[in-house]
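So the structure is just underneath, and the comments pick up after that.
The values are calculated or read from the model by the stated rules, or taken from the named source; none is laboratory data. This structure is a prediction, so every number in the text was calculated from the model and none was measured. Ideal geometry is used to build each Cβ from the backbone, glycine not excepted, and the neighbour counts take in all protein chains shown.
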Amino acid sequence: MHTLLKHENMNRKVESKATAAAAAAAVVVVVVVVVVVVVVVVVVIVVVVEVEVIVASDVKSIITRK
């Protein structure tokens, strides 16, 4: 009976470690996804702003040519 209890405790410890590892992995995945999304959004904003600046300067040059 005593050895059975020991095994039961060991199993619980292993399970709790596995759960903690799974939770940590989930947190890491969430953080990575958030970082990737933020980077993509920033890149899109920068690209859009750059394009707007280029378009605006083109429009100005077209207007000033006329």
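Exactly one residue out of 32, 53 is at pLDDT below 95, surrounded by 10 or more Cβ atoms within 10 Å (Cβ to Cβ) and aliphatic (A, V, I, L, M), and it is 53.
Annotation note: of 45, 63, the sole residue that is modelled with pLDDT under 85, on the phi < 0 side of the Ramachandran plot and part of a helix (DSSP H, G or I) is 63. Any residue in the range 4-24 that is of a type in the set (A, V, I, L, M), exposed (fewer than 10 other Cβ atoms within 10 Å of the Cβ) and not in a helix (DSSP H, G or I)? No, every residue in the range 4-24 fails to be of a type in the set (A, V, I, L, M), exposed (fewer than 10 other Cβ atoms within 10 Å of the Cβ) and not in a helix (DSSP H, G or I).
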